[in-house]
Amino acid sequence: MAYTTINVPEALTAFTVFPFCKLLQRQRLGDELIFDFSRTKTVEPFGMLVVASEIERCITSHPETSFRYRNFEKMPYAAHMRFFKAFGLDFGRKPGEALGSRNYIPLTYFNSTVLKNTAAQQGLDVGDEIEAQSKRLSETLSGADTGEVFETLSYSIREIMRNVVEHAQVDRFGVCAQFWPTKRRAEVAIVDRGIGLRESIKVNPHIDATTDKSAINYALMPAVSGKAFKGARRLAKRGPWTNSGFGLYMTSRICRMGGNFFISSGSTGMLLTSGKDGKRYYDTSLNGTAVRMIIRTENLDSLTATLAKFREDGFAIQQKYKEIVSIDPSSASLMLSQDFDLNLWDKLLSNLRLR
């Protein structure tokens, strides 16, 4: 019997898991594939969620191959966070068991269709059900149902979950999170294996989203969406959950208040941090979209005031964007050269009106 052994990385973090994913995707599988966890020492919510998803994908895609696992018994935290049972190894807790306890959310999976049906049965919009779920997750993480930490986590989780349900065209998506009160740091990871940002946003004719890199950049700009744009068919949904292209923009700005925001789709990952040069790109490999939010809770002022400021910046751009009849790719690409720079938008719009 031909077998292959793959060593799982020493650390499962946002910046170490994608080489492993690429290795697994191009691996020629024999009769048996062995995952060896003997080197793995550090695991984080995002890393566990991505790797569990990739191993599960590999198993599903190769029913002819037998899969075995070694040296996983020394990883009690990963087992407690449901990492192993997420891809079928009977060790630790199973996804779907108790939500968790104060300060952590083990690997937990949601179904978009179930969320929609649950909302419909109550005569509600799916946004209301997503909000209820995000509050439940936030309360578990923060250990409270009020306060700035609870409100910020709830808002951020809700907006990313909404983005998945509205755009990813996939039923199942995963959430995993940890809050360290003494470190005043929270990590929230949300991963789906849907159509990805490029497929979602390329419907918008005003932008050039022909690469994963450009699609990620546009998706993080305010008022840019694959559903809400000038000339699009009028959306049936109205009210507080109307799609406006603000979700990723607002959450990324919250995270950058001392923390950071990482998003991966297709071949590209982007890390956003605070500061003038707070944007870096990474080579990734993920069918779908993965988001990691690092929130520094000591930097949280009034969420209402913070969101008002971010919304004001974004709304100023949105109002001007509505005036544009069309944007050719060369003009639209100017939006990617700076990060939320209102002066750049003023220059872009002035040039377009002079044509």
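The values are calculated or read from the model by the stated rules, or taken from the named source; none is laboratory data. As the structure is a computational prediction, the values presented were derived from the model and not from experiment. Counting neighbours? That spans all protein chains shown, and the Cβs are built from the backbone with ideal geometry, glycine included.
Only helices (runs of 4 or more DSSP H) whose full extent lies in the range 1-100 are considered here, and the ones with at least 2 residues that are farther than 30 Å from residue 295 by Cβ and modelled with pLDDT under 95 are 17-26, 45-61. Of the set (1) over 16 Å from residue 49 (Cα atoms); (2) in contact with a His (Cβ under 9 Å, 6 or more places away or on another chain), all apply to residue 106 but (1). Summed over the range 171-197, the residues that are touching a residue at least 40 places away in the same chain (Cβ under 8 Å) and more than 14 Å from the chain's Cα centre (by Cα) give a count of 8.
Filtering the range 182-194 down to residues that are over 18 Å from residue 81 (Cβ atoms) and touching a Ser or Thr at 6+ places or on another chain (Cβ under 9 Å), which residue is surrounded by the most Cβ atoms within 10 Å (Cβ to Cβ)? Looking at residues that are over 18 Å from residue 81 (Cβ atoms) and touching a Ser or Thr at 6+ places or on another chain (Cβ under 9 Å), I get 192.
Going residue by residue through the range 253-266, is there one that turns out to be aliphatic (A, V, I, L, M), within 30 Å of residue 20 (Cα to Cα) and modelled with pLDDT of 95 or more? Looking through the range 253-266, at least one residue is aliphatic (A, V, I, L, M), within 30 Å of residue 20 (Cα to Cα) and modelled with pLDDT of 95 or more. Taking every residue in the range 104-123 that is in a loop (DSSP other than H, G, I, E, B) and pairing it with any residue that is surrounded by 21 or more Cβ atoms within 10 Å (Cβ to Cβ), at least 6 positions away or on another chain, the pairs with Cβ-Cβ distances below 8 Å are 122/129.
I want to confirm something. Restricting to the range 33-56 and keeping residues that are of a type outside the set (S, T, N, Q) and surrounded by fewer than 18 Cβ atoms within 10 Å (Cβ to Cβ), which single residue is nearest to residue 172 (Cα to Cα)?
56
Whether any residue in the range 124-139 is part of a strand (DSSP E or B), surrounded by 15 or more Cβ atoms within 10 Å (Cβ to Cβ), free of Cβ contacts under 8 Å to residues at least 40 places away in the same chain and of a type in the set (A, V, I, L, M, F, W, C) is what I want to check. Taking every residue of the range 124-139 in turn, none turns out to be part of a strand (DSSP E or B), surrounded by 15 or more Cβ atoms within 10 Å (Cβ to Cβ), free of Cβ contacts under 8 Å to residues at least 40 places away in the same chain and of a type in the set (A, V, I, L, M, F, W, C).
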